[in-house]
Amino acid sequence: MTFTPKPMSYDAITYEVQDGIATIAMNRPDQLNALDAAMERELLLVWDLVDADDDVRAVVVTGRGRAFCAGYDLTNGFDVRDRAVERGTEELRPGDIPRDSGGLICLRMFRCLKPIVGAINGAGVGFGATFPLPMDVRLASEHAKFGYVFSRRGICMDAASSWFLTRAVGMSTALEWAISGRVFGADEALAAGLVREVLPADDLLPAAYETARRMVEHTAPVSVALNRQLLWQMAGATHPMDAHRAESIYIEERAASADAAEGAQSFIEKRPPAFPLTVSRDLPDGTPPFPEPPFDRRRRNPSAG
């Protein structure tokens, strides 16, 4: 599997790589990092760059300014069809159902081959609360707030969050948050398991980088990619046999690999491993284990055509 990133400049986000960790920061601080068409496009395409760059071992995602993300930019209303055309990622025909842009972004993050750490520095409501859900570890500033406010805006949940949220906090908590649409603080998010740790604002990014380093230090990049995908995709499996089948395939391939030889030898020699294989060239065939199902653009009402 190879990813060929499209050449692009970044206006609504920033992207930096240092010491093996990429930092993606939403960069509309005057608008509280509200999601507009430019940010939608950039947050969707940046993951191809992450997956293609073997110098990137992990990703930290945060927001510039005092907010993480204030949800969708509603300055011009909420016309999903116009937004889909404006962001330039879809071709729509009459009668097509536009794909939710938050869902496009979060499904791409779901397929990412590098671990993702969320550093939630301030308010995250609407998309700002659903966007972190496909991240592997979520840390929050003590000033962070969350709100699945869709019921209060007259719309429904976005970003595939009806799948992700229950897996993060359980059904009862997800239902209460999503139905009430109320905004709650970082301590409640911590108690429910939405975030792993709440930190003083100045400690948030250093803790996120340290978390990212611990995830990739002394680990094989290809194994990290496989294990991330196995855990996320098996969260929706109907039987443990699905996991057993997928794991058996990859155990067979990895056991005969140069990475496995290096892992055993470095253990015997009591030294840090130097794994030779890379994500860009050496992923086993079929990674991720299962293809993404097709998106059905037809309306469910048969009379609608």
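So here's what we get for this one:
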read-out: Cβ pairs under 7 Å, 6+ apart, first in region 242-264 and assigned by the TED database to the domain that holds P289, second among the aromatic types (F, W, Y); value: D259/F275; E262/F275
read-out: Test result for L231, of a type outside the set (F, W, Y), closer than 19 Å to G147 by Cβ and out of contact with any Ser or Thr (no Cβ under 7 Å at 6 or more places or on another chain); value: no
read-out: Among (1) in contact with a Phe, Trp or Tyr (Cβ under 6 Å, 6 or more places away or on another chain); (2) among the small types (G, A, S); (3) under 14 Å from A58 (Cβ atoms) - the single one G128 does not satisfy; value: (3)
read-out: Matching residues, region 222-240, being open to solvent by less than 30 Å² (accessible area, probe 1.4 Å) and of a type outside the set (S, T, N, Q); value: V222, V224, A225, L226, R228, L230
read-out: Qualifying positions in region 181-198 - open to solvent by less than 20 Å² (accessible area, probe 1.4 Å) and not β-branched (V, I, T); value: G181, F184, A186, A189, L194
read-out: Top-ranked residue in region 107-131 [being within 30 Å of D285 (Cβ to Cβ) and of a type in the set (A, V, I, L, M, F, W, C); ranked as surrounded by the fewest Cβ atoms within 10 Å (Cβ to Cβ)]; value: L107
read-out: Flag for E247 being touching a Pro at 6+ places or on another chain (Cβ under 6 Å) and part of a helix (DSSP H, G or I); value: no
read-out: Breaking point among (1) over 19 Å from the mean Cα position of the chain (by Cα); (2) closer than 19 Å to V60 by Cβ, for W177; value: (2)
read-out: Residue among A191, A237, A243 that is of a type outside the set (D, E, K, R), under 22 Å from the mean Cα position of the chain (by Cα) and under 25 Å from V61 (Cα atoms); value: A191
read-out: Among the candidates S248, S280, residue that is open to solvent by 30 Å² or more (accessible area, probe 1.4 Å) and farther than 27 Å from D55 by Cα; value: S248
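The values are calculated or read from the model by the stated rules, or taken from the named source; none is laboratory data. In this text, all values refer to a predicted model and were calculated from it rather than measured experimentally. Here Cβ is always computed from backbone atoms with ideal geometry, including for glycine, and neighbour counts include all displayed protein chains. Accessible surface is based on the protein model in full, side chains and every heavy atom, while ligands, DNA and RNA are left aside. Shrake-Rupley method; radii C 1.70, N 1.55, O 1.52, S 1.80 Å.
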